[in-house]
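The values are calculated or read from the model by the stated rules, or taken from the named source; none is laboratory data. These numbers were taken from a predicted model, which means no experiment stands behind them. All Cβ positions, even for glycine, are placed from backbone atoms using ideal geometry, and neighbour counts span all protein chains on display.
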Amino acid sequence: MEASYKNCQSCGMPLKRDALGGGTEADGTKSTLYCSHCYKEGRFTQPDITMDEMKLLVKGKLKEMKIPGILSGIFTRNIPKLVRWKSHSH
């Protein structure tokens, strides 16, 4: 049984804030790891994105949401610890 996470293990977004309730596996079941922005039908929506690019993307989204820069730094500092990035060397 897979562990259950509170945050997307690709971008760090709280899964409870995902309007679609999470990403989907190839068979249509909900992903327990990833949000709908990062993962659809068993695949990453941006398979070639690097960890640093993900940090910039998330910071940009937070800025659009009017989240102060200091908070976006706090929210993105744990991205390297997420499952997707732990298993890659980028």
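Can you find a residue that is surrounded by 11 or more Cβ atoms within 10 Å (Cβ to Cβ), touching a Pro at 6+ places or on another chain (Cβ under 7 Å), touching a residue at least 40 places away in the same chain (Cβ under 8 Å) and not in a helix (DSSP H, G or I) anywhere in segment 25-47? Within segment 25-47, not a single residue is surrounded by 11 or more Cβ atoms within 10 Å (Cβ to Cβ), touching a Pro at 6+ places or on another chain (Cβ under 7 Å), touching a residue at least 40 places away in the same chain (Cβ under 8 Å) and not in a helix (DSSP H, G or I).
Scanning segment 24-61 for residues that are acidic (D, E) and touching a strand residue (DSSP E or B) at 6+ places or on another chain (Cβ under 8 Å) returns a single hit, E41.
Among the residues of segment 1-31, which ones are among the acidic types (D, E), modelled with pLDDT of 95 or more and closer than 21 Å to S87 by Cα? Passing the criteria: only E25. Only one residue in I79, I67 is of a type in the set (A, V, I, L, M), under 18 Å from K6 (Cα atoms) and either modelled with pLDDT under 95 or in contact with a Cys (Cβ under 8 Å, 6 or more places away or on another chain) (or both), so which one is that? The match here is I79. Would you tally the residues in segment 1-24 being of a type in the set (S, T, N, Q), under 20 Å from M65 (Cβ atoms) and out of contact with any Pro (no Cβ under 8 Å at 6 or more places or on another chain)? Residues meeting the conditions: 1. Among the residues making up segment 50-67, those that are β-branched (V, I, T) and either farther than 19 Å from K81 by Cα or touching a helix residue (DSSP H, G or I) at 6+ places or on another chain (Cβ under 7 Å) (or both) are V58, I67.
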